[in-house]
Amino acid sequence: MDFKSILNYQQLDSELFKIEKQLRDNTNKKNANIMRENMKNAQTRSLQLEEKAGSLLNDIEKVKNQFKLQKDKIDQLLAKNINELDKEEIEKLSTLKEKLSQNLNILEKNLSNLAENMNLVLSDFNKTIKIFNNAKEQYAKFKNNYDNDVKSVEAKQEELKKELKTISKKIDPKLIEAYEKRRKENIFPVFVELKGNSCGGCHMELPYANISKLDNEGILTCEHCHRIIYKQN
């Protein structure tokens, strides 16, 4: 079997594969992805903080209403004319006033704690917005740099693809199909020569039966790395 054409195809494709790998491993692309993830996390965090702030506002409103209710009761007690009350009523009034005053103190502390928590949430929210805006700015920068990196190799990629298309017409379709299948799985090089009794890709030694099959059929799929092993005549 003549492997010259498919090997020429692979040699040319190696340039394209190299460009694609460089783009996959591109630092600007990686940094853009990191910034995009930071933006996503910041958005999630801001939504959580907004929900927490809403809950705190509801709690604050409830405490304020309870505070007003207790204060109104005290005002009502203070409005009573003590001279018109007997000793027992005055004692009950004093006890109730003390209890209401204690309730007010508790509510004041609760309100103070809620206000403090709200300030912490607002501070966290402002920090989160800054993180989001910074990530957004950095993302735009890295994305623009990556787009420029892609544009810088687009012409070369198109040129290589056209050449590969021309060469592929001279190759057995089954070989091209087998090649492209592995190529999509990032197995490269696809075709490797037998080296002694070992795969030229992963260097694993082949069983005798496989070598016999290779002698008879000309090609063999490596059981370990799935490359196509060929043997030159």
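Could you tell me which of the residues LEU120, LEU114, LEU96 is in contact with a helix residue (DSSP H, G or I) (Cβ under 7 Å, 6 or more places away or on another chain), assigned to a helix (DSSP H, G or I) and exposed (fewer than 14 other Cβ atoms within 10 Å of the Cβ)?
LEU96
When both residues are 6+ apart or on different chains and their Cβ atoms are under 6 Å apart, which pairs have a first residue that lies in segment 205-233 and is assigned by TED's automatic domain parsing to the domain that holds GLU180, and a second that is part of a helix (DSSP H, G or I) and surrounded by 12 or more Cβ atoms within 10 Å (Cβ to Cβ)?
What qualifies is LEU220/ASN210; LEU220/LYS213; LEU220/LEU214; LYS231/LEU214.
Would you point out the residue of segment 4-27, among those that are closer than 12 Å to ILE171 by Cα and aliphatic (A, V, I, L, M), that is surrounded by the most Cβ atoms within 10 Å (Cβ to Cβ)?
Among those that are closer than 12 Å to ILE171 by Cα and aliphatic (A, V, I, L, M), it is ILE6.
Of the residues LEU69, LEU114, LEU47, LEU120, which single one is touching a residue at least 12 places away in the same chain (Cβ under 8 Å) and not hydroxyl-bearing (Ser, Thr, Tyr)?
LEU114
Of the conditions (1) buried (at least 16 other Cβ atoms within 10 Å of the Cβ); (2) not in a strand (DSSP E or B), LYS213 fails just one. Which one is it?
(1)
A quick yes/no check of all residues on (1) of a type in the set (A, V, I, L, M); (2) surrounded by fewer than 17 Cβ atoms within 10 Å (Cβ to Cβ); (3) free of Cβ contacts under 8 Å to residues at least 12 places away in the same chain:
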residue: ASN126; (1), (2), (3): no, yes, yes
residue: ILE129; (1), (2), (3): yes, yes, no
residue: GLN138; (1), (2), (3): no, no, no
residue: LYS143; (1), (2), (3): no, no, no
residue: ASN148; (1), (2), (3): no, yes, yes
residue: GLU163; (1), (2), (3): no, yes, no
residue: LYS169; (1), (2), (3): no, yes, yes
residue: LEU175; (1), (2), (3): yes, no, no
residue: TYR179; (1), (2), (3): no, no, no
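Can you pull out the residues in segment 27-40 that are out of contact with any helix residue (DSSP H, G or I) (no Cβ under 6 Å at 6 or more places or on another chain) and within 14 Å of ASN145 (Cα to Cα)?
Within segment 27-40, THR27, LYS30, ASN33 meet the criteria.
Is there a residue being in a helix (DSSP H, G or I), assigned by TED's automatic domain parsing to the domain that holds LYS136, in contact with a Leu (Cβ under 9 Å, 6 or more places away or on another chain) and modelled with pLDDT of 90 or more anywhere in segment 65-74?
no
The values are calculated or read from the model by the stated rules, or taken from the named source; none is laboratory data. None of these values were measured; they are calculated from a predicted model. Methodologically, a virtual Cβ is constructed for each residue, glycine included, from the backbone with ideal geometry; neighbour enumeration extends over all protein chains shown.
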